[in-house]
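For reference, the structure discussed in these notes is given below.
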Amino acid sequence: MKNRLILLGLIGLLLSCEPASKQSPTEEEQTQSAISNESLLDSIQYRTFQYFWEGAEPTSGLARERFHVDGVYPQDDKNVITSGGSGFGIMAILVGMHRGFITQHEGYERLVKIVSWLEKADRFHGVWPHWIYGETGKTKPFSKKDDGGDLVETSFLIQGLLSARQYFYKGGEKEKALGDRIDQLWREVEWSWHQGPDQENIVFWHWSPNFGWDMNFRINGYNECLITYVLAASSPTYPIPAAAYHEGWAQNGNITGGPTKYGYHLDFKHIGAPEYGGPLFWSHYSFLGLDPRQLKDKYADYWEHNKNHVLIDQKYCIENPHGYKGYGADCWGLTSSYSLKGYSSHKPEKDLGVIAPTAALSSFPYAPEQCMEVARHFYTDMADQLWGPYGFYDAFSEQENWFPKKYLAIDQGPIVVMIENYRSGLLWDLFMSCPEVQDGLTKLGFTY
């Protein structure tokens, strides 16, 4: 406890400091700057973690879809939780315990609250919807026909829950009992149901009790959904066959043959991102738990692909073909986030001059030096505009002088988790310790 109080005191001191002056630093200040990378990462993780701790929806303990500092929200939206972002938030809570931001008991109690709520919330063949009202556990439709199970969001949630199961299985009797309750939720997800009415060798994203399979959204690669196929193949109760991965996701190998840009090769191609590899969250969401460092199958070396994806994005922003203000080696990162008008999937092929801090900060494992340069610039030079109660705000545009004080769960969560994976490998170690996941990866032809 004493060490924890000391750590939180130091973090509190760092958070209370004004951003560094832009005047020439003294020799002492230069030395401090050179040795304070760990303190900066502590600070970023601690503040961002609070989105999922003090900023959580109070009834469920899970992650609100969004938080706006000004308190202005879309109608009926303030206490809507996001299932996928909540999976990221569960992983952030594990980081909080590991780092001493909260006690083990506090983390355990929050997970008991979360699991108790998830056991009663709406599910459809064991699959949670994208959005759920926190107060009631009832579905909030994501769109007109998207009012039922969302398998991709559920996979992000299960990724977090399985990591928590493995964490608590190392504890005492009551912690192991919580792990067993998590295990039951995992076992109740009917992954094979989402092969559709004809049980095709593919997985469908949505099913609705009112509209059936009308959404007809087949999950093909390559994008953020690799984790969905891995978990579906790993299920001990409702598994999909390996053929669904190879024929559906990998399209019989047609996802391979990606571009080479700035000297970096991408193993995968995508019709919406023919040159640059798409928004950076594609290299984050599935890999919060799924460890890419040694991950390979017959289609790709996932570490090389993800690392190159990040470096291509960085080089593109340095090149800055549109001449947007602010872009450079210390300010890059295109991914899905808030945008000038609503929400947008930013990528080199759709560059609107909007930078999202989550893009670079969640890429720390792949390009730590480049990402640290961004973190320092945001904190030292732009904190007045970007640094808020739950870390860096979701997105900004220097070109348009646009700095909204808003957060999204799906962007804050990967910052905490991927910085921790860079620092300790915590979430990678937990998730990859699941015996079912190991069996599923082997079944699909992965080495890891």
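Throughout, read-outs are computed from the coordinates displayed, never taken from laboratory work. Not measured: the values here are computed from a predicted model. Positions of Cβ are backbone-derived with ideal geometry, glycine not excepted, and every protein chain shown enters the neighbour counts.
Of note:
- Residues whose amide H falls under 5 Å from that of residue 402, counting only those 5 or more places apart or on a different chain, are 397, with hydrogens built in the peptide plane.
- Estimated vicinal HN-Hα couplings, Hz - region 321-335 in sequence order (Karplus 6.51, -1.76, 1.60; Gly, Pro = x): x, 8, x, 6, 4, x, 4, x, 5, 10, 8, 8, x, 10, 7
- Residue order, fewest to most beta carbons within 10 Å, for 65, 135: 135, 65
- Whole-Å semi-axes of the chain's equivalent ellipsoid (Cα gyration tensor): 32, 26, 21
- Between region 131-200 and region 42-76, the alpha-carbon centres lie 21 Å apart.
- Gain upon complete extension [residue 77, residue 403; 0.36 nm per residue less C-alpha separation]: 115.2 nm
- Short to long, the 5 Å bins of the Cα pair-distance histogram for region 166-296 hold 2, 9, 15, 18, 19, 14, 10, 7, 4, 2, 0 percent of all pairs.
- As a rough guide to protection, the peptides 170-179, 271-280 ranked by mean Cβ packing within 10 Å, highest first, stand as 271-280, 170-179.
- Potential extension, residue 145-residue 254 segment - 0.36 nm per residue separation minus Cα distance: 36.3 nm
- Dipole axis of the chain (+1 Lys, Arg; -1 Asp, Glu on Cβ), positive-most option in 273, 418, 335: 418
- Neighbour counts of other Cβ atoms within 10 Å put 64, 110 in the fewest-to-most order 110, 64.
- Here, region 243-348 yields an orientationally averaged convex hull projection of 7.8 nm² when only Cα atoms define the hull.
- Within region 353-424, the GluC sites (Glu not before Pro) that combine a DSSP coil assignment with at most 15 other C-beta atoms in a 10 angstrom radius are 400.
- Sum of -39500 (n - 2.57) over DSSP H runs of 4+, divided by residues of the chain (222 nm, nearest 500): -13000 deg cm²/dmol
- Kirkwood estimate for region 355-448, i.e. one over the average of 1/r between Cα atoms, Å: 15.0 Å
- Residue order for 411, 150, fewest other beta carbons within 10 angstrom first, comes to 150, 411.
- Pairs from the table (350/443; 269/406; 78/145; 307/443; 113/296; 120/170) lying more than 30 angstrom apart at Cα are 350/443; 269/406; 113/296.
- Alpha-carbon Rg with Dmax, taken over region 288-384, Å: 14.1, 47
- Computed Rg/Rh of region 30-169, alpha carbon atoms with Kirkwood Rh: 1.03
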